[in-house]
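Engineer: Sharing a structure with you now.
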Amino acid sequence: MPQLSYDKTTSKTIAGEKIHYGIVYGNEKIVFIKVGAGGSIRGYQDKYLQMAHRAHERLGATIICASNPDMEYAAQVVADKAMISKVAAECGFAEYEVYFVGTSDGGYQNLRLAQQVPQARKLLGINASLIDADDLVAQLQKLPHVKKILVYGTEDDYFACVPILQAADCENLEIITVEGADHKFKGMVNEFIALIDLI
């Protein structure tokens with residue numbers, strides 16, 4: 001199997017912290033992957049890099065994968081939104097759609113980011129973190145036109161929010177549970193990578 005890589009890597013410095021971005025160029029479907037807190041654009045066993053290539057091969061999509069440094073999420077949301085616009089402009093996309101994939105804290109950040117991106121079409125949150133279940137529901141309700149898929153492992157601490165989410169009045173929301181998965185999908189890297197197929 002050939003060594004996987006991004007077509008381009010770049011970064012943006014905010015308040016002394018760098019957000020790294022890995023890009024795979026493709027068509028007008030942009031998949032924006034936000035990794036979990038402290039995570040890199042490659043991830044453990046290159047899981048995010050593998051996700052990026054899997055989505056690119058299946059959809060022909062342009063992929064942007066963003067690291068998640070230890071900094072205030074609102075600043076990251078601003079930078080990530082600007083990066084999506086920059087890549088779309090570089091590719092000459094007059095029109096495009098954005099599909100968001102986020103893990104843990106990255107899932108929550110993408111939920112906030114999708115509210116600011118009119119081109120948002122779908123959001124996949126994997127063990128998405130939350131301030132509390134009511135806040136998560138309120139954020140989800142702000143995206144009625146976006147298909148939202150939340151995946152929680154049965155061994156993840158956030159799994160407790162699943163009944164609340166299932167009972168919530170929220171348009172276009174689907175909840176999926178993964179038996180035996182903990183917050184980091186320990187020992188289940190292939191199952192984690194395959195979740196990109198939900199986009």
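The values are calculated or read from the model by the stated rules, or taken from the named source; none is laboratory data. Predicted model only: the values in this text are computed from it and were never measured. Ideal geometry is used to build each Cβ from the backbone, glycine not excepted, and the neighbour counts take in all protein chains shown. All accessible areas refer to the heavy atoms of the entire protein, side chains included, with ligands and DNA or RNA removed. Shrake-Rupley method; radii C 1.70, N 1.55, O 1.52, S 1.80 Å.
Engineer: Consider segment 140-160. How many of its residues are more than 22 Å from Glu179 (Cα to Cα) and surrounded by fewer than 17 Cβ atoms within 10 Å (Cβ to Cβ)?
Structural biologist: Total satisfying the criteria: 4.
For every residue, the table says whether it meets (1) open to solvent by less than 10 Å² (accessible area, probe 1.4 Å); (2) assigned to a strand (DSSP E or B); (3) farther than 26 Å from Leu130 by Cα.
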| position | (1), (2), (3) |
| --- | --- |
| Lys29 | no, yes, yes |
| Gly39 | no, no, no |
| Ile63 | yes, yes, no |
| Asp70 | no, no, no |
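Engineer: Given the criteria surrounded by fewer than 21 Cβ atoms within 10 Å (Cβ to Cβ) and in a helix (DSSP H, G or I), does His20 qualify?
Structural biologist: No: the conditions fail for His20.
Engineer: Please pick out the residue among Val162, Val151, Val189 that is farther than 23 Å from Asn68 by Cα and aliphatic (A, V, I, L, M).
Structural biologist: Answer to the selection: Val162.
Engineer: Looking at (1) aromatic (Phe, Trp, Tyr); (2) closer than 24 Å to Val151 by Cβ; (3) surrounded by fewer than 21 Cβ atoms within 10 Å (Cβ to Cβ), which is the only condition Tyr25 fails?
Structural biologist: (2)
Let's see how each residue does on (1) in contact with a strand residue (DSSP E or B) (Cβ under 7 Å, 6 or more places away or on another chain); (2) touching a residue at least 12 places away in the same chain (Cβ under 8 Å):
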{"residue": "Pro144", "(1), (2)": "no, yes"}
{"residue": "Lys147", "(1), (2)": "yes, yes"}
{"residue": "Leu150", "(1), (2)": "yes, yes"}
{"residue": "Cys161", "(1), (2)": "no, yes"}
{"residue": "Gln166", "(1), (2)": "yes, no"}
{"residue": "Glu179", "(1), (2)": "no, yes"}
{"residue": "Val189", "(1), (2)": "no, yes"}
{"residue": "Ile193", "(1), (2)": "no, yes"}
{"residue": "Asp197", "(1), (2)": "no, yes"}
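Engineer: Please name all residue pairs, on different chains or six or more residues apart, with Cβ atoms under 8 Å, provided the first residue is in segment 57-72 and is of a type in the set (A, V, I, L, M, F, W, C) and the second residue is surrounded by fewer than 15 Cβ atoms within 10 Å (Cβ to Cβ) and in a loop (DSSP other than H, G, I, E, B).
Structural biologist: So the pair list comes out as Met71/Ala15.
Engineer: Filter the helices (runs of 4 or more DSSP H) completely within segment 115-199 down to those with at least 3 residues that are closer than 22 Å to Glu97 by Cα.
Structural biologist: In segment 115-199, the matching helices (runs of 4 or more DSSP H) lie at 133-141.
Engineer: Here's another thing I want to ask about it. Lys81 versus (1) open to solvent by less than 60 Å² (accessible area, probe 1.4 Å); (2) of a type in the set (Lys, Arg); (3) part of a helix (DSSP H, G or I): which is the lone unmet condition?
Structural biologist: Here Lys81 meets the rest and fails (1).
Engineer: Still on this structure, please answer the following. Residues of segment 100-139 being in contact (Cβ under 8 Å) with a residue 60 or more places away in the chain, open to solvent by 30 Å² or more (accessible area, probe 1.4 Å) and closer than 19 Å to Asn68 by Cβ, which ones?
Structural biologist: Matches in segment 100-139: Asp105 only.
Engineer: If Ala88 satisfies all but one of (1) part of a loop (DSSP other than H, G, I, E, B); (2) open to solvent by less than 60 Å² (accessible area, probe 1.4 Å); (3) modelled with pLDDT of 95 or more, what's the number of the condition it fails?
Structural biologist: Only one criterion is unmet by Ala88, namely (1).
Engineer: State whether one or more residues within segment 147-170 are on the phi > 0 side of the Ramachandran plot and at pLDDT 95 or above. Break it down stepwise before answering.
Structural biologist: Step one: list which residues in segment 147-170 are on the phi > 0 side of the Ramachandran plot, which gives none.
Checked against the condition, which is being on the phi > 0 side of the Ramachandran plot and at pLDDT 95 or above, segment 147-170 yields no hits at all.
Engineer: Checking Asn172 against (1) out of contact with any strand residue (DSSP E or B) (no Cβ under 7 Å at 6 or more places or on another chain); (2) open to solvent by 60 Å² or more (accessible area, probe 1.4 Å), only one condition comes out false. Which one?
Structural biologist: Unmet for Asn172, out of (1) out of contact with any strand residue (DSSP E or B) (no Cβ under 7 Å at 6 or more places or on another chain); (2) open to solvent by 60 Å² or more (accessible area, probe 1.4 Å): (1).
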